[in-house]
């Protein structure tokens, strides 16, 4: 896997909206976050477009992505928000162009689809981390989430253990492999497509929001029935949020699902990672090598930039 170059003071970064429509005020509130780090910001031409449930037409969103990729002055591309829409454009992206111009690509949630496609088609590391218009502009955006951007400037491995958050062992073991994944429902939407997630010998990250417990059960069942659970080396369970459930009830309900599908895998499965639709939302590279262990409960991820 090719690692993009790190960021430096004075670099220019681009912001695009490849999925859902963007709240203009929230995006404007987030831009100073980059400027105080000495970065210049360039917005995609169509970043404020609104085409119902997506930000602009498929062609407009692809155009912004390609222009940011091809522009040599742009050192990183940050996605304004998730929502829905990247699955519609994944087959329209020019992976030869992307492969020739590797640069930092950052986002999560629906961005999982293009993270997966770019890693498998273009062969370089991308980043699962807080969104610009939906996270950075939030009143809940915290220091740990902010600090996770530091890895883009000063490359260093990430070690996540119980000093970061309490972790729960679903299945014991030790495994090493490329760190992949993201939003579970989006990952499952790649099944049967040219961009189907390849989980062979990988450490799989899963997270989700707004899904009922039975829906997450269905997604995990699809992982099992498709044979994907046989392929993974280990599973990292990030934040899961359901409708109309408080935190304790939610955790117990989802854990019962995870225990049903994952507890007898004879490979490490650890839950409680603050990655996904939560605060803190710890940004991590996708595609680099990782080590997951149940004893001690720890995830170690190789640095994502060079």
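The values are calculated or read from the model by the stated rules, or taken from the named source; none is laboratory data. Nothing here was measured: the structure is a model prediction, and the numbers come from that model. No Cβ is skipped: glycine too gets one built from the backbone with ideal geometry, and neighbour counts run over all protein chains shown.
From the list 43, 7, 39, exactly one residue is without any contact (Cβ under 8 Å) to a residue 40 or more places away in the chain and either surrounded by 22 or more Cβ atoms within 10 Å (Cβ to Cβ) or under 28 Å from residue 290 (Cβ atoms) (or both). Which is it?
Exactly one residue qualifies, and that residue is 39.
Quickly run through segment 102-148 and pick out the residues that are over 15 Å from the mean Cα position of the chain (by Cα) and either buried (at least 24 other Cβ atoms within 10 Å of the Cβ) or at positive phi (or both).
123, 133
Can you tell me which residues in segment 10-36 are part of a loop (DSSP other than H, G, I, E, B) and in contact (Cβ under 8 Å) with a residue 60 or more places away in the chain?
Passing the criteria: 11, 17, 18, 19, 20, 21, 22, 23.
Go through segment 10-21 and count every residue that is under 18 Å from the mean Cα position of the chain (by Cα) and either farther than 13 Å from residue 41 by Cβ or modelled with pLDDT under 95 (or both). Spell out the reasoning first.
Step one: of segment 10-21, the residues under 18 Å from the mean Cα position of the chain (by Cα) are 14-20.
Within this subset, residues satisfying the condition of being either farther than 13 Å from residue 41 by Cβ or modelled with pLDDT under 95 (or both) are 17-20.
Looking only at that region, the number is 4.
Looking at segment 56-76, I want the residues that are at negative phi and have a partner that is surrounded by fewer than 19 Cβ atoms within 10 Å (Cβ to Cβ) and part of a helix (DSSP H, G or I) with Cβ atoms under 6 Å, at least 6 apart or on another chain. Which pairs are those?
58/88; 62/92; 69/97
Does segment 249-264 contain any residue that is at pLDDT below 95, touching a helix residue (DSSP H, G or I) at 6+ places or on another chain (Cβ under 8 Å) and in a loop (DSSP other than H, G, I, E, B)?
No, there is no match, as no residue in segment 249-264 is at pLDDT below 95, touching a helix residue (DSSP H, G or I) at 6+ places or on another chain (Cβ under 8 Å) and in a loop (DSSP other than H, G, I, E, B).
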